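Data block below; observations after.
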Amino acid sequence: MKNSVFQEITEEVKHFIDSIGDAVIVLDKNGNILNYNKALSNILGYKSNTKLTGKQALSLLCPTDGNGTPITKKNAALFKSIDKGKKVINATRQFIKKDGSFIWATITTTPLKDHKNRVEGAIIIIRDITKEKQQEEYRTDFSHIASHSLRTPLGNVMWAIEYLLGGKPGSINKKQKNYLDDCYKTLKNMNRLVNDLLNISNIPYKKIKPNLQKINLEEIYSKVYNDLQYYAKAHNVTIEINKDQEKYFIKADENHSRTILQNIIENAIRYSFSKDNIKINLKKDGQYIIFSCTNKGIGIPEEKKKFIFAKFFRAGNAVNKEGDGTGLGLYITKELVTLNKGKIWFESVENKNTTFFIKFKTY
Amino acid sequence: MKIKKKILIVEDDSFTIKLYTRLLSDEGFEVISTPAANEACGLAKREKPNLIIMDLMLTDGNGFEVIKQIRKETSLKKIPIITLSNLGQETDIDEALKKGSNKYFVKSNTRFEEVVKAVKELI
């Protein structure tokens, strides 16, 4: 590749390549650097007058995978392109800079072929993603600290109240019970807020991956029903299920399904009129299972319906009825339903009935 | 007299320990506890609990490593472990289960009855 166009490029082309933010390297078929742009020197911390041509790309970059395992010639993306003629897209790597520090990068390698389709070398494009990786780590740290520090006291006090309401430490009078119900309702709302905030910090970064498996939706509903008993009592509403069989197997993530049903039923409880009987319906419809939840309550105003799944949206009548809330519940619910290959929709008449439907494929 | 089943709680929050001890004692279990990750294995070897309830973020270490250690110890490896943590990310849940926890509950999203049910199933 001595006289290759990739080695001897015109000033105009050089200027064009140097203006690219990602590092571009042209290699011969032994993995030696023939040409490169300015971004490579910047990313690796070399001065612009340090000559990198002629160096072995693997020795210069010292790549490791995401877990710190060194990449050898045998599993290097660039040699997949050179030896096998394959293109490798966006592989994540760590490289060592001149000063010994690490950078995170994604690399794309493409074989370079001559007019007879023989591989002559490869082009590597390196994108520095160190800042994004650091932000991801901060987010994970934040999630851990927030999860632990916010949920621990909440969970403890909720369990203590459940214990008192259960009557085991002694009987309580009606007035005391009402206060405890109110405390429980407030804590449950706060827990919901924490969950929403933690979920929302993960969704845009696709950190949520569903573990799709065979689950019985009726069983999930029973757990959610138990979880929400006190919450429903505190709002003076009851929940009733209508089903046409015992088991409703779907393919979905168990935790996601629980969050989905929990969010929908919690909303129904919060926005129902007092003494309402919320109706849950589970039915098989061909190759689908349809879950629905109907309440009599404030409903969704016609002009607000199109925004109902939008992030941070809360309709005015919902804010008036329940001041606290993030407007994230239905957004998260829809994201989770979609991740689990389901569908969600609703029918609502303001100040009358609202029904949310969720459809999953049967297993 | 029926011998009570013994539960070891590894948890560093004193109110949480007090609460679990009260709730589980009411269910008829004998409860012992330690707040320290580095004491958990030794205590389990001495006390031979029927089940371990494990928190993950402990002051002196992380519960994932304790689970791993327990699963490596011949005399402890069959003791069921329930992870009861407030870390709710799937990566945490997967890691705890992979290291050998039998069940995982996100504490603030779970009612205590559900934990008791799981304890009874596993013992």
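Here, each number is a calculation from the coordinates, and none is a lab measurement. Keep in mind that this is a model prediction, so the values were computed, not measured. Cβ placement follows ideal geometry from the backbone for every residue including glycine, while neighbour counts extend to all protein chains displayed.
Separation of segment A:219-265 and segment B:82-97, taken as the distance between their Cα centroids, equals 22 angstrom.
Is the shape of segment A:11-128 best called rounded, prolate or oblate, per the rule: a/c under 1.5 gives rounded, else a/b larger than b/c gives prolate, else oblate, with a ≥ b ≥ c the square roots of the Cα gyration tensor eigenvalues? Oblate is the answer for segment A:11-128, as a/c is 1.5 or above yet b/c matches or exceeds a/b. Annotation: peptides A:349-358, B:85-94, ranked by per-residue average of other Cβ atoms within 10 Å with the highest first, follow the order B:85-94, A:349-358. In order along segment A:9-21, phi translates into HN-Hα couplings of 10, 6, 4, 5, 5, 4, 4, 4, 5, 5, 7, 7, x Hz, rounded to whole numbers, per the Karplus curve 6.51 cos²θ - 1.76 cosθ + 1.60 with θ = phi - 60° and x for Gly and Pro. Listed from fewest to most Cβ neighbours within 10 Å, the set A:104, A:345, A:159 follows the order A:345, A:104, A:159.
Helical content of the protein assembly as shown, expressed as a calculated mean residue ellipticity at 222 nm, amounts to -13000 deg cm²/dmol (DSSP H runs of 4 or more residues, -39,500 (n - 2.57) each, divided by residue number, nearest 500).
Rounded, prolate or oblate: which fits segment B:28-79, taking a ≥ b ≥ c as square roots of the Cα gyration tensor eigenvalues, rounded meaning a/c under 1.5, else prolate when a/b beats b/c? Verdict is oblate for segment B:28-79. The phi torsions of segment B:46-53, fed into the Karplus equation with coefficients 6.51, -1.76 and 1.60 and a -60° offset, translate into couplings of 6, 8, 6, x, 7, 7, 10, 9 Hz, rounded to whole numbers, with Gly and Pro shown as x. Over segment A:208-363, Cα pairs under 8 Å with separation of 6+ residues give a relative contact order of 26 percent.
Note the per residue figure in Å³ for the convex hull of the C-alpha positions in chain A. Spell out each step's value before the answer.
On the way: hull volume 77.6 nm³, N = 363.
That works out to 214 Å³ per residue.
As a calculated quantity, the FRET efficiency between residue A:343 and residue A:56 at R0 = 60 Å, using C-beta atoms, amounts to about 0.65.
Its alpha carbons considered, segment A:135-202 gives a radius of gyration followed by a Dmax of 15.5, 51 Å. Computed 3J(HN,Hα) for segment A:113-127, one whole-Hz value per residue from the Karplus formula 6.51 cos²θ - 1.76 cosθ + 1.60 where θ = phi - 60°, is 10, 8, 5, 9, 6, 8, 6, 9, x, 8, 10, 10, 10, 10, 10, glycine and proline marked x.
Considering only Cα-Cα distances, which of the following residue pairs are longer than 20 Å: A:283/A:341; A:361/B:107; B:5/B:120; A:243/B:103; A:279/A:359; A:177/A:233? Write down the numbers at each step before the final one.
Numbers: A:283/A:341 18 Å; A:361/B:107 30 Å; B:5/B:120 10 Å; A:243/B:103 29 Å; A:279/A:359 17 Å; A:177/A:233 11 Å.
Checking Cα-Cα distances, A:361/B:107; A:243/B:103 exceed 20 Å.
Distance between the pseudo-spin-label points of residue A:214 and residue B:97 (7 Å out from Cα toward the beta carbon): 1.6 nm. The mean sequence distance of close C-alpha pairs (under 8 Å, at least 6 residues apart), as a share of the length of segment A:11-128, puts its relative contact order at 27 percent. Computed on segment A:52-201, with alpha-carbon pairs under 8 angstrom and 6+ residues apart, the relative contact order is 14 percent. Centroid-to-centroid, using Cα positions, segment B:12-51 and segment A:273-303 are 43 Å apart. Rounded, prolate or oblate: which one fits segment B:6-122, using the alpha carbon gyration tensor with axes a ≥ b ≥ c (rounded when a/c is under 1.5, else prolate when a/b beats b/c, else oblate)? It comes out rounded by the Cα gyration axes.
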